[in-house]
1. Once the piece of chain linking E116 and D64 is laid out straight, how much longer is it, given 0.36 nm per residue of separation minus the C-alpha distance between them?
2. Rounded, prolate or oblate for the stretch 199-295? Axes are the square roots of the Cα gyration tensor eigenvalues, ordered a ≥ b ≥ c, and the cut-off for rounded is a/c under 1.5.
3. If you plug each phi of the stretch 246-257 into the Karplus form 6.51 cos²θ - 1.76 cosθ + 1.60 with θ = phi - 60°, what whole-Hz ³J(HN,Hα) values come out, in order, with x for Gly and Pro?
4. Please find the FRET efficiency linking A165 to S235, where r is the Cβ-Cβ separation and R0 is fixed at 35 Å, and quote it to the nearest 0.05.
5. Pull out the extension gain between A282 and H256, defined as 0.36 nm times the separation in residues minus the alpha carbon to alpha carbon distance; nm, one decimal.
6. At what distance in angstrom do the alpha carbon centres of the stretch 239-295 and the stretch 160-238 lie from each other?
7. For K86 and A73 in the same chain, what is the full-extension length gain: residue separation times 0.36 nm, less their Cα-Cα distance, in nm?
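Derivation of every value follows stated rules applied to the coordinates shown; laboratory data play no part. Just so it is clear, the structure is predicted and the values come from calculations on it, not from any experiment. Quick reminder, even Gly has a Cβ in these numbers, built from the backbone with ideal geometry, and neighbours come from all protein chains shown.
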Amino acid sequence: MGLGVSLSLGTGLAAVGFTGFLSISAMLPSAEAALGEPLGPGPDQVLIADVAEAPAADPVPIQDPFGQNPLYANGELGEVTCKPPKMDTGDPKSVEVFVHAIADCLDEAWAAYFAEAGIPFTSPNRVYWYAEGHSPCGPFPTHGTAAFYCQANQGLYLGVEDIVAASAGSQEAEAYTFLLSHEYGHHVQGQSRILAEFHALRANADEETADELTRRNELQADCLGGVFIGAAEESLGYGGSERANILDSVGRRSDHAGTSTHGSVENGRLWTAHGMDRADPAACNTWEAREELVR
């Protein structure tokens, strides 16, 4: 997987961050969003990974996406070998190389898992930006936004400099790894028909129910991000301190006063830790979890 080309352009549980994520899915029916001097492509350009364009996959015949989903029937993700280069957050090109390497690992791990589960899978299109642009789900960046997944074009969007600014220049590579893993979790939901079911239900829901559905969606992405970390942590060299840093970053982007779309700090950390511990997507079924676990 190369680094891509540039394009000129003018977001029931048994066990148990990253600042600047913002969900825009409530505003845009097919979007799910998360969040400063350009290097490489220049101030008026956005990097596009050199992967083939991925048209929307044909509907997968999954009758019960939230319950009897093949995603939940295949066991653990399996040990992932992932050895990204060291990252210098002061060098945007270094950050870009790092996030491409992590995305390569995510592509390989989840493609293999979906193949074993018998579910068609297409890797997401990567769009890494250095300056403002526009996706089918809306403009980027927006206030508080450093990364997002757009279901409309299966796009994984990430601001190379914005993710560093949003984390106050943190040097902790594991926080950036989890950021990408969380957003990739939304792609996993999309490929397994979970996002389609989520959007259909939320479209006809009152505000309170819509917020609860959104929390279930976000907390599952936390857990699925944790599944990848759990499967790859040995090769990544992550131990207790890295896990603690990941859970801290999750806490920073969870719901605080005035928001109710991402889940509480406690529940965000709970589901993320559960995913890391189990490394099994079946552990991430937030849709059938008790209400207190998705507040």
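1. Length difference between fully extended and current span is 16.8 nm.
2. prolate
3. 4, 5, 5, 5, 4, x, 5, 9, 6, 5, 10, 3
4. 0.75
5. Full-extension gain reported as 6.6 nm.
6. 10 Å
7. Extra length available between K86 and A73 comes to 1.2 nm.
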